[in-house]
Every structure is written in structure tokens, then in C-alpha cells.
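Asks: Here you go, one structure.
Each value in this text was obtained by applying a stated rule to the coordinates, not by laboratory testing. Worth saying up front: this structure is predicted, and the values here are computed from it rather than measured. Because the Cβ atoms are built from the backbone with ideal geometry, glycine has one as well, and the counts that use them run over all protein chains shown.
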Amino acid sequence: MDNKRKQHRFIWIAGMAASACLLAACGTSQKGQITVEPSGLLLLPDVSERAEVNASFRIPANYFSKRSRLVITPQLLSADSSVLQEYAPVVLDESVYRKKVERLEVLDGFSDPYAAVAKEVDHTRAFRVPYRAEIQFPEGLKSGSLRAVVSNDGCGECSGVDTLLLASIRNPLSLLRKETKLVALESDFVVRPKVREGKGVANLQFVINRFDINPEMGNNREEMEGMVETLAPVLQDSLSILNNLDITGIASADGSLAFNTELSRNRALSAKRWLVERLDIPAAIERKITVSSRPEGWTPVLEAMRRAGDKDADRVEAILEKYADENDDVQEYHIRRLPCWNRIKDNYLQKDRVVEYRYAYTVKSFTSDAEMLALYRRRPDAFNEEELLRVATLTENDDDRAGVYRTTLKYYPRSVVAANNLALYYLQRGETPEALAASASLEGTDNSAAANTRAAALIADGRDADAVRILRQHQSVPEARYNLGLLLAAQGETDEAYRLLLPFADLNAAILALQVGEREKAKEILAGLDDNVPEVRELKQIMNYK
């Protein structure tokens, strides 16, 4: 070899020894790209902050020349792409390069830093190189990536050729499917008689010692029309069957008890006749309308005097107590002898005479679903709660069903089923304020399924602490236990969350098993899950390489 060639050779060797780079003479042909299998690998740090990676690099044919060394160096990167750690490299030598290194070791005492890991390969054929490593993450690292820097400069540092994503690193809890479990409630529909009751009063004025009703006197017309308006739905509705209607005249305190009682009964009878004529009530129904009377007594007079602050109220009260076992006539006899009688008569004796009425009726039950739907559109007020909830099940779509629930709550504000199911409707539509309003009446309910719905509305509103408080008190239903587990997982209470979710053996249970270090249990759960679910497929892939 001439001196010039020897000089060049010396400089090349010296440069290699000084830098440990062993620069290849020809570089890479780049006829293909290195790939990683499996691609898109995900690493999940467990409770001990570690994970295992088991992958392989596919090196295409002629990726590097026969005079080259290929170095693949895995690196751990933080979320901001800072290099945190570097791991054992994959080192591949072609035959010519290997011989050069061996010659340098013999002739110049060169120490190859990769001697223990370098493998001789045939660059002319495609091949796979396995890579397996246990990664111990820095404490607190929950996200980042594992990449591989590929170079052919001999040292893996000077001239990068390629950069490959080996794996993404994520907090296992970030994979949780945060979908709350909800429970729709049903009501047993039992056809039963619907008996309803009511009462009212008409304050009427009469000519002294007369019982006929003069509509032009005082507010008599308005009072009687109010009575008609109240009783018309009972007496004229084809869906209602009158059970009884009793009209009672109230006997006034002053005057003979016997006379006043009879007079009051006749006044009640006058009110009945007005009603029958005004509503054209048939005889069969008229026979169910009874009249009666009862004494008013002097108690209302005493109460009026007390309200007015009358100084003689104590004297009237003393008489009523002394003659409590006697009738109104005896009490009146002594009250009339008080010096204040004229003031009592003028200021406290009621001028209007009260006619009181009480009634009861039965609303017909419906014989078929079709009849219920048809009548609901016309008379929702004729339905009891169970019938309205039955109508809800017969509707054709969610919007109509929600409308029935709103109607139910209008007539039955404490309906747990209607409030629960209406809140579910809003939750499924993402209408959180409406869900909160619909579920407000469920606060403090003993129904655990309904309490779970209230908690779900609070979760949607970001009020997790309030939801946890409710769910801890209502763990008798599985949905509440599941939702509680999700909330506790988000709060970092993973051990209790794992205990709550484990019986469900679903994706979230598998994720929590990984989080608490129960890898075998995670594998067992995943084995029973459907591969068609992307997250399940991804986790199974992860577990296959751990």
C-alpha cells in the first residue's frame, strides 16, 4: 500500500478510535423504511410505575450497506418531548463492517462499546429483530412516548437516519369509559277504581227567615256559579260516576236552634234545586244528592272577637266553657245578657250563610290501550298516575314519552317514576339543566335507582362530590355502585374503585386491574370481552406484550 493510502487509512482509523463512531463508508441505500410491530403500541404504567415492551423491528432488504453498522436506540420522552432515559440499543453489523471492527481490535486495541450486543446480519434480505425491555418510569410520569432513533454512523449518536414511535405512554385511568349507568323505572299497571273526593262552600245571603236563593242579592250569583263550575266535571263528565254529594246548610248561632236548623236545611235544599236545574241533572243522579244542616255554634263569633282584639272576648269564652255541654240556645241566652251584646250582634254575627258541599266520585278505568291513548289526548286529567305511566309505555318515540312524563308530574309532582325517566331523557340528550330540574324531586328519595339518576345529573353538572355523597348511601343497586367506582377512580381512590367495578368484569374493571397491579386479573377480564370494541382490542394488544 503506498504512503498516501496508508496515511488516509491511518486518519480514518484514528478518527474512529477517537470518536467511537466507526463511520460507515457507504451509508444507507434507503430502499425501504424500518417499521415496528406491533404498531401503535400503548404502555400503561402500573402502580409500581413500570411497564414491559415486547416488539420487533422489521428491517427491509438493503436498508443499509455491507460496510455499515445500524444502531437502533430506544428513548423515553416526556409529554413535552424531552429525553428522560435511554435504553439498551439494537446493533446490527454487516459482514464487511464486522471484519473491519475485528481488525481494529487486533491491530489497534480498539474496544467496541457494542461488542456484547452487536449482531451480524445479511443486509440483502428483509428480517425482523426482536426488542424486549422493562421500562421503569420516573415517578409521576403518566404520559409520554417511547421512540427509537435509527442511525448508521456506528455509534448511534452522530447521524440519525430515522425516528420510529415505539409506543405511547398513557395513564391507565385515561382509558376509562366514563359513561354512567342509568336505570329507567317502570310502574306496575293495575286497573283499579279511582275514587276521588272534594269539597267546597258557597257564602250566600238570604232575606231574614227565608230560604229561597235570590241571585241578585249580594254575591249569590257568583257563589252559586262557582259551585256549578266545581261540580260540573263530576256530574256531567261521561268518565265520572257520582258516588255521593251532600249539601249542608250551616245553622247560624243567633235565634232558636230548632228554627235555624230547619231553615238551614231548606237553604241547602234550595242550593240543590239550583244545581239540578242549572246542570239539567237526571233523576238517577239527583237521588245521590242529599241535604242536611248543622249548627254553626258560637265559636266563630268568639274567633272573630279575638281577631278584632275585643276586650269582651274573655267573657264570651267563659260562657262557652261553662255551658259547653249545653246547646246553642243555652249559650245564646247568657251571651245575650252581656252588656256588650249589641256590639256582638252588629259586628261579629256572620251576615252570609254558609252552604257547604262534599262529594265523592269514581273515574272510570280504561278497557284497552287504544282507548287510553285516545282519551289521554282529550282528558289527561282523568288519569291516575299508574295510567299515565302506562300511556308513556305506549308512545311511539322518546319525545312523546317525555311529554307524558311531564304531564304526569303536572298532576302528580311526587311521581318518582316520571321524574326519574324524564331526567334520563334529558341526560341522554345532554341537556344537563333540564335533567337537574327534572331530578330535583328525587333528592333524598329512598328509591336507590332514582337516587342514582339524581347523582348522574349532578355528575353531568360537574358536582362529583355531591354525587359521591348520594351514591355512597344507595349502593343497593349495581348501577349506583358502578358510578361510584368511576367517580372514586377519577379522585385517585383506585383500590376502592377497583373493588366496586371488579364484579362487572368490563373494560373499566380491566383498566383498574392494571392500575392497581392486578395484571393477571386484567388479562382474565379482557379474555371475556368483545374484540370488536376498539378499546378492548387495544388493551388486549397491550396485554399480549406484557
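Asks: Roughly how tilted is helix 95-108, in degrees to the nearest 10 and between 0 and 90, from the longest Cα axis of the chain?
Replies: Tilt relative to the chain: about 60 degrees.
Asks: Now a separate question. Assuming a viscosity of 1.306 mPa s and a temperature of 10 °C, what translational diffusion coefficient in µm² per second does Stokes-Einstein assign to segment 398-495, Rh being the Kirkwood radius over Cα pairs?
Replies: 118
Asks: For the residues 432, 248, what sequence is obtained by ranking on other C-beta atoms within 10 Å, fewest first?
Replies: 432, 248
Asks: For the chain, what is the relative contact order in percent, using Cα pairs closer than 8 Å and at least 6 residues apart in sequence?
Replies: Relative contact order for the chain comes out at 14 percent.
Asks: Cα-based Rg of segment 197-251 per 2.2 N^0.38 Å, rounded to two decimals?
Replies: This ratio for segment 197-251 stands at 1.31.
Asks: Give me the percent relative contact order of segment 369-504, please, defined on Cα pairs under 8 angstrom at least 6 residues apart.
Replies: 13
Asks: Holding the Cα-Cα limit at 22 Å, pick out from 181/523; 288/410; 311/345 the pairs that are longer than that.
Replies: Cα-Cα > 22 Å for 181/523; 288/410; rest within.
Asks: Considering all alpha-carbon pairs of segment 194-363, what whole percent are spaced by more than 20 angstrom?
Replies: The calculated P(r) of segment 194-363 puts 56 percent of pairs beyond 20 Å.
Asks: Follow-up. FRET efficiency for residue 324 and residue 179, Cβ-Cβ distance as r, R0 = 51 Å, nearest 0.05?
Replies: Efficiency for this residue pair is about 0.15.
Asks: May I ask for the angle, rounded to the nearest 10°, between helix 534-544 and the longest principal axis of the chain, with both axes built from Cα atoms and the value confined to 0 to 90°?
Replies: Result, in degrees: 40.
Asks: While we're looking at this one, here's another question. Expressed in nm², what is the orientationally averaged projection area of the convex hull enclosing the Cα positions of segment 237-291?
Replies: Projected over every direction and averaged, the Cα hull of segment 237-291 covers 4.3 nm².
Asks: Follow-up. Please give every one of the aspartates and glutamates within straight-line cross-link reach of residue 142, meaning a C-alpha to C-alpha distance under 20 Å, and leave out same-chain neighbours fewer than 8 residues apart.
Replies: 46, 49, 52, 80, 86, 134, 493, 495, 518, 535, 538
Asks: If the cut-off is 19 Å between C-alpha atoms, which aspartates and glutamates fall inside it for residue 119, apart from same-chain ones fewer than 8 positions away?
Replies: In chain and number order, the partners are 93, 94, 102, 105, 153, 157.
Asks: Just to be sure I understand the model, the point goes 7 Å from the Cα along the line to the Cβ. What's the resulting residue 222 to residue 77 distance in nm?
Replies: Label at residue 222, label at residue 77, 8.4 nm between them.
Asks: Compute the length gained on full extension between residue 292 and residue 95: take 0.36 nm times their separation in residues and subtract their Cα-Cα distance, giving the result in nm to one decimal.
Replies: Going from the current span to full extension adds 58.7 nm.
Asks: Considering only DSSP beta bridges with both partners in segment 194-363, what is the antiparallel share in %, to the nearest 5?
Replies: Counting DSSP beta bridges with both partners in segment 194-363, the antiparallel share is about 75 percent.
Asks: With N set to the residue count of segment 308-431, report its C-alpha Rg divided by 2.2 N^0.38 Å to two decimal places.
Replies: 2.07
Asks: Suppose R0 equals 35 Å; then what is the FRET efficiency for residue 532 and residue 475 from their Cβ-Cβ distance, rounded to the nearest 0.05?
Replies: Step by step, r from the Cβ atoms, then E = 0.65.
Asks: Can you put 502, 526 in order of Cβ neighbours within 10 angstrom, beginning with the fewest?
Replies: Neighbour counts put them in this order, fewest first: 502, 526.
Asks: Now a separate question. Please rank 247, 241, 213, fewest neighbouring Cβ atoms within 10 Å first, as an exposure proxy.
Replies: 241, 213, 247
Asks: Based on the Cβ-Cβ distance of residue 374 and residue 338, what FRET efficiency does E = 1/(1 + (r/R0)^6) give at R0 = 51 Å, to the nearest 0.05?
Replies: 0.20
Asks: Add -39500 (n - 2.57) for each DSSP H run of 4 or more in the chain, then divide by its residues: what number comes out at 222 nm, to the nearest 500 deg cm²/dmol?
Replies: Computed mean residue ellipticity for the chain: -13500 deg cm²/dmol.
Asks: Give the Kirkwood hydrodynamic radius (Å, one decimal) of the chain, defined as one over the mean of 1/r across all pairs of different Cα atoms.
Replies: After inverting the mean inverse Cα-Cα distance, the result is 33.0 Å.
Asks: Taking the Cα-to-Cβ direction at residue 381 and at residue 170 and moving 7 Å from each Cα, how far apart do the two end points lie in nm?
Replies: Going from the residue 381 label point to the residue 170 one covers 5.7 nm.
Asks: Still on this structure: If I take every Cα pair under 8 Å that is 6 or more residues apart in segment 175-321, average their sequence separation and divide by the length, what percent do I get for the relative contact order?
Replies: 20
Asks: Sticking with this structure for a sec: Enter the angle in degrees (range 0 to 90, nearest 10) between the Cα long axis of helix 257-279 and the first principal axis of the Cα atoms of the chain, meaning the one along which they spread out most.
Replies: Long axis of 257-279 versus the principal axis of the chain: about 60 degrees.
Asks: Further question: Starting from the Cα of residue 84, step 7 Å along the direction of its Cβ; do the same at residue 465; then give the gap between the two resulting points in nm.
Replies: Distance between the two pseudo-spin positions: 3.1 nm.
Asks: Need the C-alpha centroid separation for segment 97-144 versus segment 269-344, integer Å.
Replies: Taking the Cα centre of segment 269-344 as reference, the centre of segment 97-144 is 111 Å away.
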